[in-house]
Amino acid sequence: LDVPPTLARTLRSTNAIESMISICRNHSANVKRWRDGQMALRWCAAGMVEAGKQFRRVNGHLHLPKLRAALDAEIAGTVGSTVQDEEVVAA
């Protein structure tokens, strides 16, 4: 996809995801009684919002539109080329 080195280095790392998970865990650590799945989702979302405040800008962020265009072209080429002309006969 011809991703520039600065952006490629950022995308290869899992640090941002691990950081978000850690912040979500710390944010919801004081909950003693989980009532239902919706409550867990709300706390997880609140933790993600809190983590978002601490994220810095992605290195190579100026190249993200180029990456998006390359991904769109790759997907369009993959999806568009899977035309099936065979008839399927059900037994």
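The values are calculated or read from the model by the stated rules, or taken from the named source; none is laboratory data. Since the structure is predicted, the reported quantities are computational estimates derived from the model, not experimental observations. Note: ideal-geometry Cβ built from the backbone for every residue, glycine included; neighbour counts use all protein chains shown.
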Notebook entry, point to check: Within region 1-45, can you find the residues that are surrounded by 12 or more Cβ atoms within 10 Å (Cβ to Cβ), under 18 Å from the mean Cα position of the chain (by Cα) and not in a helix (DSSP H, G or I)?
Noted result: Val3
Next item on the list: Would you please name the residue that is nearest to Leu1 (Cα to Cα), looking only at residues in region 46-65 that are surrounded by 11 or more Cβ atoms within 10 Å (Cβ to Cβ) and of a type outside the set (A, V, I, L, M)?
Entry: His63
Margin query: Step by step: first the residues of region 41-66, then only those that are at pLDDT below 90 and aliphatic (A, V, I, L, M), then the one that is nearest to Ile21 (Cα to Cα). Which residue is that?
Written below: Ala51
Margin query: Looking at the structure I just gave you, is Thr78 surrounded by fewer than 10 Cβ atoms within 10 Å (Cβ to Cβ), at pLDDT below 90 and not in a loop (DSSP other than H, G, I, E, B)?
Written below: yes
Check: So which residues in region 46-68 are without any contact (Cβ under 8 Å) to a residue 40 or more places away in the chain and assigned to a loop (DSSP other than H, G, I, E, B), if there are any at all?
Finding: Phe55, Arg56, Arg57
Next item on the list: State whether the residues of region 16-33 include one that is out of contact with any Asp or Glu (no Cβ under 7 Å at 6 or more places or on another chain), closer than 30 Å to Thr78 by Cα and free of Cβ contacts under 8 Å to residues at least 12 places away in the same chain.
Entry: yes
